[in-house]
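Okay, so here's the structure we're looking at.
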Amino acid sequence: MSEIVGSKSETLSHGHDVHKHRDVQGAKLGMWLFLFTELLLFAGLFLVYATYRYFHPVQFHNAGLETHTLFGTINTMVLLTSSLTMVLSIGAMQRGKKWLAVTFLAGTILLGLIFLGIKYFEWTSEIREGLYPGSPALLNMSDGEILFWGLYYTMTGLHAVHVIVGMIILTFMLVFILTGTINQNDYIKLETAGLYWHLIDIIWIFLFPLFYLIN
Amino acid sequence: MLLPGPQNEAKAVDDVMRFIVGTDLILFALVIGAMLLFVFKYNKKRHPKAVSIHGNVPLEIIWTVIPVLLVLYMFYIGWKGYIQTRIVPKNAMTVKVTARQWNWQFQYENGKQADTLYLPQGQPIKFLMTSLDVIHGFFLPDFREKQDVLPDRVTYLVLYPENLGNFELTCSKYCGLHHALMYTRVIVEPPDKFLAWVNSGVKDTLALPDSSQVKTERAGL
Amino acid sequence: MADVAIPPNEAFANSYLKNHGKRKGILAWILSTDHKRIGILYMVSLFTFFTVGVILGVLMRLEMLVPGPAGKLFTAQEYNALFTLHGVIMIFLFVIPGIPATLGNFFLPIQIGAKDVAFPRLNLLSWYLYVTGSIIIIVSLFHNGLPDTGWTFYIPYSIRTGTDVTMAVFGVFILGFSSILTGLNFITTIHRLRAPGMGWFKMPLFVWALYATAWVQVIATPVLAITLLLIMVERIFSVGIFDPAKGGDPVLYQHLFWIYSHPAVYIMILPPMGVVSEIITTFSRRTVFGYKAIAISSLAIAFIGYLVWGHHMFVAGMSTTAQFVFSFLTFLVAVPSGIKVFNWVATMYKGSIDLKPPFLFVMAFIFLFCIGGLTGLLLGSVATDAQLHATYFVVGHFHYIIFGGGVFIFFGALHYWLPKMFGRMYSIKAANWALAIMFVGFNMLYFPMLVMGAEGMPRRYFAYLPKFETWQHISMVGSWVLVIGLIIMFANLLHGIFKGKVVGSNPWGGTTLEWTIASPPPPPENFEEIPVIVHEPYYHPEAIEVK
Amino acid sequence: MESQETNVQTYSHDHAAESKHAEPIGYGTYILVWLALIALTALTAVVSGVNLAAFTVVVALVIALTKASLVVNIFMHIKFEDFIFKIFLSIAGFTLIVIFTLTFADVYFRR
Ligand code: HEA
Ligand code: HEA
Ligand code: CUA
Ligand SMILES: [Cu+2]
């Protein structure tokens, strides 16, 4: 085959020598694509929310008054702060400050834990009020309110699952930093894990007004 | 292949059907004909040296634009044919349809209930349909009409039974074990015979709304 | 076409089939991250499930021996489970992973001159997810009764039925992630790992098709995942999201389901379309007609295909506006498919056509795909869809297009690439006979369905009116003819894989990169040196060039 | 796992190939962005108490979008990435728009 000339990849310029070098761009592209799938996963739920809100505006309003705005606001701030410590951890790694990076990363995980803790108190207080799927108190309410609470538990629940998964991933990253797998020259794993953590944050940014504020 | 269409909307649908099937057949013949011709004519034995043609922009444009126009026309007649069947004439007689696993129930304006659908000839009917459990499908093959029947919602369907006869009514949306047996008859009768039936054994009597203006109304569409 | 100077013996000794690094036996396969081995793993598992699916299909036809509900082979409950499993297996276990996971995995990196996909370990993980999901689905059969909802899992029936829908749905959920991972792997691979000189418009058309498919996989599948998750949540916690008894809207469920499942039909057909472009050019011995038109129309199909899901719900209780919009968009999606068909036929013009089995499969494909696609137009028009929806006409439409279009090309692709993958050739004569029998059987099986559907035979019926008896019987006999053809075909292919005549690296005179390396390809890097691309694909030096 | 030398996932230790991260973004920038995010959260919580009738939803969503775009652009570095990342992001965004508009073509017009 005359048209295809063999050649050593090293002799070629511009980025095509990915076979020899690690492909940071590729890893990030892959991660972003994955983030889109997560985004669209939640988009389905947001679509359901939008539809039912449109069908039952008044009931959604009333049910929205029952959620704990204070818990929601604090939790928003907790997650935003965890995003900050996440980027700071990456920044420290870029500068080669291993222990600073570890501290910030541990802080991120801790903040995730605090978020879940607050969520726990919030849910238990609501469950004590008798507001949980299939509860007698709820079944006496209007359709719109049943839907609101169903969506509330499903969406914040799925979000909480993502927080847990994110924390597990970050714990692995912590170990990788300690063992030196992640270091100043190679921190793409930390970066992609960070992207995932931020996505969780972004989803919460939208959940927060929809369940706690618009009422 | 097509059913003998006794009803008006069936005719509208059949016109659309005929047009699309006709166009389909022509397109199909063209594509397959060209393919067979080329395979025959430019066979390795007959045509040992191939010619590499990279493309032809005018040709690409032609076979993009013509199909676009064709499908737009198909869309247009399809939509026009359909929307006619959704207009409810003022003097339509209402029949309430209740679907449940796995049978149909019909209720007339005077309260008469039945599980076979009796209809007066020449009288526009409006069905108001709902389901007691899962989704069912109200399907009248001879009338080319179909509408899903949903729980907790009311959907409607309009019918002009113009010919006498005995037609089938089936459930088209899968609804569980006896979906296939959720089946009954539509019996179109002369108006007087129908009135005698519908007014037997009930308190209120039902008179048919005046259907003389139906024809003109439809003509004006 | 000069074969590359690798003597077959050496190629065999040094092939990915033989060389497997440190591990021995089965572990060398199921722990391999070599894209070629993963492709083969997928292929074996896919065809295992396909066999289950076809057997269910033939059993359904046998049910139609007698019309009424009495004297049946299966009870209504069993029949309902049959078509559910048949649909789930065929769609989620077979055609959706289909060509991308098997031949795509095997040939995508080779066709773009790469050593592997971008994330080889993720690739292996996808296979494990695929197997896990499939096993869960199969297990759900033996647990709490067979699921009986149809492959569409329509609510409220799917949350009312007592059968084990939860588990089946969970299996499909996992399969979804397998599909997503394959998709994102391919997109990254195509963006990052093309050989030097391979610009976007120098990629083979198969790669274009896989690229468009991968986007659909990544963008659409998550919506299915959440929909299925909601069914599970609904069944376990009964939160009421789609349950009309609690204010939920079953039509909204259908939206979510079809937001994925319509684009999914293009996941099924785009890769076969890519293969068709490869095969036609190879056997016409000339370059492809309208390269850019074909490449761009793949993207157009993926794009417009995302806008038309509502055509499955014309009579479901949607608003009139939505019916209008979706019908309109549905008609537009037919145009890029048409452009492809026209360009393929034009590629045969003035070629020097070699009627080998892969090309014959393509001819069968064009025939069957056109019937499938053109019947789709009748369904896209609201007036006629109100008549044809949920009848055998729809069943005929999609078997023509999925089975006659997609799966026939899957078979054609096997005939095309098998010599490359295994270095051996099957019997050409047997392949031609198998195709002829299958073609006849296929039309006998499915054409009567179109007719019955137009006459009002609803789908998912275990019993039917006596007036359909003749057509049902023709269709049933057709399924047997098809079985005979399929058995001959598979026997021939299997014989070819193990016992066939040894072939060189380029038995067909193909021009894409996979034909420049040994058959079977060497492990794990494919190329000794990364090639540099200077020509557009499908450059046939022996043909007369016309500008 | 087995020999990974050929895979992209095996990273050699020479960093010169990628110059993307030559200049890390200052800690200060991140902290400023964080302050803005916290401020916006406080704002949206306060505004929700005010009755803006139909605009409540709009205001809340606009603030949420602003916050999200800060996170995406700065924390997630989209602002500093190659053009292709922006194209990808717009494909995802476009998909969201399509899903919502076409579903609402049904929901909104239903009687
Ligand atoms: C591979 C899978 C596949 C593909 C590619 C398609 C392609 C198409 N499908 Fe099909 N379809 C299914 C699989 C597929 N479908 C399945 C599985 C179902 C049923 C699901 C269920 O309910 O279980 C279904 C159901 C289905 C329905 C719903 C029916 C109903 O339930 O009421 C509709 C309605 O519009 C439809 C339309 C179309 C159209 C317009 C195309 C178009 O893309 C076709 C385009 C192709 C051509 C048109 C032919 C070639 C072109 C030419 C020869 C050029 C000339 C053309 C013109 C001038 C237009 N399909
Ligand atoms: C890829 C997709 C695909 C394929 C290939 C098929 C193949 C077949 N289908 Fe398909 N079918 C669907 C997808 C598919 N189907 C879907 C999605 C549905 C909708 C389900 C629902 O309603 O929910 C459906 C529904 C459906 C129905 C409608 C049920 C109803 O509504 O009442 C029927 C009816 O007969 C049917 C029949 C068949 C038959 C007879 C085959 C046969 O063609 C199969 C013929 C092939 C063989 C018999 C091969 C035998 C070969 C061997 C055994 C050798 C194998 C050997 C080796 C591997 C070495 N199918
Ligand atoms: Cu009722 Cu099917
Ligand atoms: Cu579709």
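Readers should treat all values here as calculations from the given coordinates under stated rules, not as data from a laboratory. As the structure is a prediction and not an experimental result, all values here were calculated from the model. Because the Cβ atoms are built from the backbone with ideal geometry, glycine has one as well, and the counts that use them run over all protein chains shown.
Here are a few things to note about the model shown:
- Relative to the Cα centre, the charge distribution of the stretch C:136-294, modelled as +1 at Lys and Arg Cβ and -1 at Asp and Glu Cβ, gives a dipole magnitude of about 820 debye.
- Two-site label geometry, C:VAL440 and B:ASP15: point separation in nm, points 7 Å out along Cα→Cβ: 4.3
- Three-way shape call for the protein assembly as shown based on the alpha-carbon gyration tensor, with the a/c threshold at 1.5: oblate
- Cα shape, the stretch D:21-80, gyration tensor, a/c 1.5 rule: oblate
- Once exposed loop GluC sites (Glu not before Pro) are cut out (DSSP; at most 16 other Cβ, 10 Å), longest piece of chain C: C:1-527
- Paramagnetic reach from C:LEU31 (point 7 Å along Cα→Cβ, amide N under 18 Å) across the stretch C:98-129: C:120-129
- Secondary-structure-derived ellipticity at 222 nm for chain B, considering helices only, amounts to -11500 deg cm²/dmol, per-run term -39500 (n - 2.57) for DSSP H runs with n ≥ 4.
- Averaging the Cα positions of each part gives two centres, and for the stretch C:381-437 and the stretch A:38-60 these lie 40 Å apart.
- Counting only residues at least eight positions apart within a chain, or on another chain, the lysines with an alpha carbon under 28 Å from that of C:LYS467 are B:LYS11, B:LYS146, B:LYS173, C:LYS72.
- With the simple spin-label model, which puts each label point 7 Å out from Cα in the Cβ direction, the A:ILE168 to D:ILE38 separation comes to 3.2 nm.
- Nearest-0.05 FRET efficiency for B:ASN199 and C:THR75, computed from C-beta distance (R0 45 Å): 0.60
- Total charge dipole magnitude, chain B, about the Cα centre, Cβ charges on Lys, Arg, Asp, Glu only, Debye to nearest 20: 980
- Gap separating the Cα centres of the stretch C:193-234 and the stretch D:29-50, nearest whole Å: 37
- Surface/4 of the Cα convex hull for chain C, nm²: 24.8
- Chain A - charge dipole about Cα centre, Lys and Arg +1 at Cβ, Asp and Glu -1, debye rounded to 20: 640
- 10 Å Cβ neighbours from other chains, averaged over peptide C:308-315: 3
- Neighbouring Cβ atoms from other chains, within 10 Å of the Cβ of residues in B:59-69, number 4 on average.
- Other protein chain C-beta atoms within 10 Å of residue C-beta, averaged over A:179-186: 2.
- Virtual spin-label span in nm between B:LYS96 and C:ILE138, 7 Å along Cα→Cβ: 5.2
- Per-residue packing, averaged as other Cβ atoms within 10 Å, sorts the ranges C:126-134, D:77-85, C:219-227, D:60-68 into the order C:219-227, C:126-134, D:60-68, D:77-85, beginning with the highest.
- Residue among A:THR124, A:THR81, A:GLY150 farthest towards the positive dipole end of the stretch A:34-212, charges placed on Cβ: A:THR81
- Cα centroid of the stretch D:65-102 to Cα centroid of the stretch B:104-155, whole Å: 48
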